[in-house]
Amino acid sequence: MSAPHAEQVTSALPHEPEKATLEGRNKVLAFWLFLGGEAVLFGTLFATFLALREQIADGPSANELFKLPIVAAATFILLVSSLTSVFAIQAMHRGNKKSLSLWLIVTVILGLGFLGLEIYEFVEYVTHEKFGMTTSAFSSAFYTLVGFHGAHVLFGVVWISLLIGQLAKKGLTVVTAPKVYVSAMYWHFIDVVWVFIFTVVYLLGKVG
Amino acid sequence: MDWLTTVDHKKIGILYLIAGALFFGIGGIEALLIRWQLIKPMNDFVSAQTFNELITMHGTTMIFLGVMPLIFALMNAVVPLQIGARDVAFPFLNSLGFWTFLFGGVLLNISWVMGGAPDAGWTAYTPLSSKLYSDTHGVDFYTVGLQIAGLGTLIGGINFLATIITMRAPGMSFMRMPMFTWTAFITSAIILFAFPAITVGLVLLSFDRILDANFFDVSEGGNPVLWQHIFWIFGHPEVYILILPAFGIISEVIPTFARKRLFGYSSMVFATILIAFLGFMVWAHHMFTTGMGPVANALFSISTMLIAVPTGIKIFNWLFTLWGGQIRFTAANLYASGFIPTFVMGGVTGVMLASAPADYQFHDTYFVVAHFHYVIVGGLVLGLFSGLHYWWPKMFGRVLDEKLGKIGFWFFIIGFHLTFFVQHFLGLMGMQRRIFTYLRGQGFDTLNLVSTIGALLMGVGVLVFLFNVIVTTRKPAGAPNDPWEDGRTLEWSIPSPPPEYNFKQIPLVRGLDAYWKEKMAGHTEMTPAEPVGSIHMPSASILPFVMSAGIFVAGLGFMYHQYVVLVLGLVITFACMAIRSLYDDHGWHIDPEETTEKGVKE
Ligand code: HEM
Ligand SMILES: [Cu+2]
């Protein structure tokens with residue numbers, strides 16, 4: 001009658017292992033809900049940024065500050081990493097643990113690359129442009145929004161790395177599969193948020 | 001120790017109850033101190049600074065640490081039983097949510113002994129809450145403490161949403177769910193969409209104060225009204241987070257004691273959803289006087305008044321349920337019936353406040369104080385007392401003493417109306433909100449005295465309830481499954497208190513008011529939906545406690561610029577997360593033979 005629990009499923013891996021158990025389905029559902037909350041969180045941060053983006057006090061403006069090539073590179077890296085995480089999930093659905101781990105590793109490396117660029121960007125602003133958290137309302141809003149996103153990327157990198165370790169230790173099971181699936185959802189989400197940041201913060205800052 | 005590691009929703013409910021009651025008591029003492037200061041003109045019982053701290057901590061404590069946890073207490077105790085589940089979807093998270101809430105609340109309250117409590121009002125309006133005007137660590141305790149407590153609330157909300165969506169017993173469709181579960185569901189949804197906004201608000205404010213950011217600092221381009229928008233985008237829905245569960249409780253209590261099914265069940269569901277939706281559209285009615293302009297004021301005015309429609313539907317449904325019922329005025333039902341007129345009065349003044357031009361007159365006077373206490377205390381707190389009397393036997397296996405319950409009720413409700421009714425007139429006569437004292441001869445003296453006497457009576461009412469709890473707890477447990485004899489929903493079909501696993505066999509639900517339906521068909525038990533089998537249980541864990549302690553440590557480190565401490569706290573928390581995810585814990589089983597002996601807890 002009731003759905004099997006994780007510890008009851010011992011036979012071969014089902015087609016969609018992340019949804020094979022009640023725990024797994026609960027996890028995926030709750031994660032969707034969590035992302036709903038995250039959307040409000042970033043929505044509020046975006047609203048704050050939009051309200052304050054022209055309030056540069058006597059600090060530099062967006063137009064003076066931003067260098068699109070580096071941001072475009074970061075965007076490209078992050079978008080590709082979303083793609084590689086899709087490959088990872090496809091590998092999981094094929095039951096191919098090796099290829100799954102491999103794609104996850106690529107995703108993590110790309111995530112690290114993105115973070116590296118972001119840190120480089122921030123350090124440039126602070127040291128060369130005298131643009132820090134306390135410079136203006138615009139700067140506070142900028143660092144908070146973009147920094148929050150960066151912290152999310154960092155969290156994702158650590159999380160997925162731990163998952164790679166788990167896969168090596170325990171293999172691909174109905175317990176690990178939902179975790180991988182959910183982390184991929186998270187990764188797509190922060191990618192989507194970045195697309196908004198690229199548009200609203202950087203492009204609008206250059207042209208608007 | 002057992003209590004530190006428990007993941008059983010029933011025990012977590014009791015933990016929420018104890019913690020919520022404790023904070024409710026602290027908030028109540030603060031209220032009495034406020035009223036004592038205002039008992040006569042030119043009083044010097046407390047200083048102006050202390051008074052500011054008292055009102056701020058009173059409002060903050062009551063809302064975030066007093067009544068919300070009490071709501072969570074009932075939700076934990078009742079919702080899984082009402083939907084025929086053995087637990088919530090995520091027992092571990094449930095415990096985590098409780099401990100983060102508790103540690104956040106403790107952090108906020110130790111401000112009293114750590115150099116000054118927050119003093120900028122529970123709304124913490126900038127620039128009052130900026131470093132310039134509030135230079136102790138008080139507001140830092142507010143931002144960090146609420147942040148941590150809010151995290152716990154959010155976790156709880158997501159857990160209940162998932163629980164209600166996926167853990168319902170076979171046959172329990174959404175339109176067969178008991179009203180209390182419905183309101184728990186919608187309240188959790190509001191929590192999910194409202195709390196992230198305050199999370200951001202608190203981040204911005206703490207960045208302004210601790211990292212010298214400029215979100216609200218006009219001289220660097222910041223904007224104080226931005227705080228108000230963010231605060232109220234959260235704050236108004238928060239009001240519905242509070243009141244909807246009370247609606248749910250009333251909708252359970254009244255049919256039980258009127259021996260009739262709830263009138264207009266589906267319109268009740270619809271009204272609940274509509275109220276939640278409209279609740280998100282009206283936040284700026286708190287900001288009519290900030291100069292938003294006539295168009296915005298008009299729109300927010302109208303959208304606010306619209307909420308009266310679904311609320312009115314609810315009121316009439318309760319009245320129609322009572323109409324022609326075989327009513328029994330138990331203590332629970334007294335509170336429920338007292339709720340109806342009291343809440344209507346609060347609602348009416350709400351519509352008055354929603355009229356923008358009139359609000360220019362009411363704004364920041366005692367009229368507002370009277371209004372929101374009519375809805376929060378006259379609505380939610382009466383609802384909570386009703387629910388506590390109603391479900392106490394289910395939670396503890398003992399029926400609260402009816403006589404003491406009724407005495408407590410009369411003290412509370414008379415005290416309540418004495419306290420807050422006169423405040424409408426104080427407000428209309430021009431007494432401002434949050435003033436620490438007033439001059440003689442302004443016509444405020446008598447009414448303030450009356451108000452303080454009322455507050456004392458309410459205090460007596462609460463003490464009577466406490467006394468009742470003590471008396472009841474000393475009696476032997478032995479409440480039957482269905483102590484009110486007219487229980488309608490699934491929780492009454494199992495022992496009081498329920499065994500660890502709630503249902504030996506998951507019940508089959510065949511209609512609204514599932515248990516009543518079986519009773520009417522001449523059965524004494526629910527029909528099972530599964531054979532007797534071994535029951536899977538989650539294991540207890542200390543990790544939620546340690547994780548929350550880590551967040552607490554990190555919060556203190558952040559506040560005092562001790563970044564080593566901050567990192568240490570975060571490391572503790574993240575290490576727990578890693579442990580949790582690296583070591584699978586499949587829980588344990590209760591075998592069918594054991595269920596008979598393990599029937600009753602402890
Ligand atoms: C039990 C009896 C209570 C009494 C006697 C009482 C009394 C008061 C008083 C005198 C104030 C100060 C008003 C001012 O000067 O602005 C106040 C404020 C407030 N109270 Fe209560 N209160 C009670 C219960 C509650 C409860 C249960 C809640 C919430 C669930 C609550 C929420 C608030 C809030 C939000 C404020 C506004 C604080 C602020 O202005 O920052 N009160 N109360
Ligand atoms: Cu409101």
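We did not get these values from a lab; they are worked out from the coordinates using the rules stated. A quick note: this is a predicted structure, and the numbers were derived from the prediction, not measured. Every residue, glycine among them, receives a Cβ derived from its backbone with ideal geometry; neighbour counts consider all protein chains shown.
Quick notes on this structure:
- Calculated SAXS-style log₁₀ I(q)/I(0) at q = 0.05, 0.06, 0.11 Å⁻¹ - the protein assembly as shown, Debye, Cα scatterers: -0.27, -0.40, -1.35
- Two-site label geometry, B:TYR560 and A:ARG94: point separation in nm, points 7 Å out along Cα→Cβ: 5.6
- Remark: B:TYR133, B:TYR335 ranked as B:TYR133, B:TYR335, counting other beta-carbon atoms within 10 Å and listing the fewest first.
- D (Stokes-Einstein, µm²/s), Kirkwood Cα radius, the range A:119-208, 0.692 mPa s at 37 °C: 215
- Remark: the B:LEU22-B:PHE320 segment gains 103.6 nm on full extension, using 0.36 nm per residue and subtracting the alpha carbon distance.
- Across all Cα pairs in the range B:319-469, the calculated P(r) in 5 Å bins from zero up to the longest distance comes to 2, 9, 16, 18, 16, 14, 10, 7, 5, 2, 0, 0 percent per bin.
- Extent of the range B:297-371 along its three principal axes (Cα atoms, max minus min coordinate, largest first): 46, 24, 12 Å.
- Checking the cross-link pairs A:LYS19/B:LYS11; B:LYS475/B:LYS504; A:LYS19/A:LYS98; B:LYS11/B:LYS519 against a 25 Å limit on the alpha carbon distance flags A:LYS19/B:LYS11; B:LYS475/B:LYS504; B:LYS11/B:LYS519 as lying beyond it.
- Spatially proximal lysines relative to B:LYS314 (Cα-Cα < 17 Å; intrachain offsets below 8 disregarded): B:LYS260
- Principal-axis tilt of helix B:563-582 within chain B, Cα atoms, nearest 10 degrees: 20
- Within a Gaussian network of chain A (alpha carbon springs, distance under 10 Å), most fluctuating of A:HIS15, A:HIS128, A:HIS149: A:HIS128
- Footprinting exposure proxy for A:SER136, A:SER101, B:SER134 (fewest neighbouring C-beta atoms within 10 Å first): A:SER101, B:SER134, A:SER136
- Summed over qualifying helices (DSSP H, 4 residues or more, each -39500 (n - 2.57)) and divided by its residue number, chain A shows a 222 nm mean residue ellipticity of -25500 deg cm²/dmol.
- Computed from the C-beta positions of B:ASP585 and A:VAL195 and an R0 of 35 Å, the FRET efficiency is 0.40 to the nearest 0.05.
- Zone of A:HIS128's modelled label, taken as backbone nitrogen in the range A:53-74 under 19 Å from a point 7 Å along Cα→Cβ: A:59-74
- Between B:PHE574 and B:PHE174, the contour length at 0.36 nm per residue exceeds the alpha carbon distance by 140.3 nm.
- Taking only alpha carbon atoms, the range B:484-562 gives an Rg to Rh ratio of 1.32, where Rh is the Kirkwood radius.
- Helix B:91-109 axis versus longest C-alpha principal axis of chain B: approximately 30°, rounded to the nearest ten.
- Principal axis dimensions, largest first and in whole angstrom, of the range B:94-164 by Cα: 46, 24, 13
- Two-site FRET efficiency, A:SER61 against B:ASN43, from Cβ-Cβ distance with R₀ of 41 Å, rounded to 0.05: 0.15
- Surface/4 estimate of mean projected area, convex hull on alpha-carbon atoms of the range B:95-236, nm²: 9.6
- Remark: C-alpha extents of the range A:22-128 on the principal axes read 57, 28, 17 Å, sorted largest to smallest.
- Residues A:VAL200, A:VAL123, A:VAL180, sorted so that the one with the fewest Cβ neighbours within 10 Å comes first: A:VAL123, A:VAL200, A:VAL180
- Using the alpha carbons alone, the radius of gyration of the range B:205-284 stands to its Kirkwood radius in an Rg to Rh ratio of 1.28.
- B:THR524-B:THR5 FRET efficiency (beta carbon distance; Förster radius 60 Å; 0.05 resolution): 0.95
- Length added when fully stretched, B:ILE542-B:MET292, from 0.36 nm per residue minus Cα-Cα: 85.0 nm
- Think of each Lys and Arg Cβ as +1 and each Asp and Glu Cβ as -1; about the Cα centre, that makes the dipole of chain B roughly 1400 debye.
- Straight-line reach from B:LYS131: taking Cα to Cα under 17 Å and skipping same-chain neighbours fewer than 8 places apart, the aspartates and glutamates in range are B:GLU53, B:ASP119, B:ASP140, B:ASP208, B:ASP212, B:ASP217, B:GLU220.
- Across every pair of non-identical alpha carbons in the range B:411-556, the mean reciprocal distance, once inverted, gives a Kirkwood radius of 21.4 Å.
- Helices in chain B, meaning DSSP H runs of at least 4 residues, each add -39500 (n - 2.57). Divided by all residues, the mean residue ellipticity at 222 nm is -21500 deg cm²/dmol.
- For chain A, built as a Gaussian network whose Cα springs stay under 10 Å, the top-fluctuating residue of A:PRO14, A:PRO178, A:PRO69: A:PRO69
- For chain B, convex hull volume per residue from C-alpha positions, Å³: 148
- Computed from Cα atoms, the angle from the helix A:137-170 axis to the main principal axis of chain A rounds to 20 degrees.
- Normalising by residue count, chain A has a Cα convex hull of 115 Å³ per residue.
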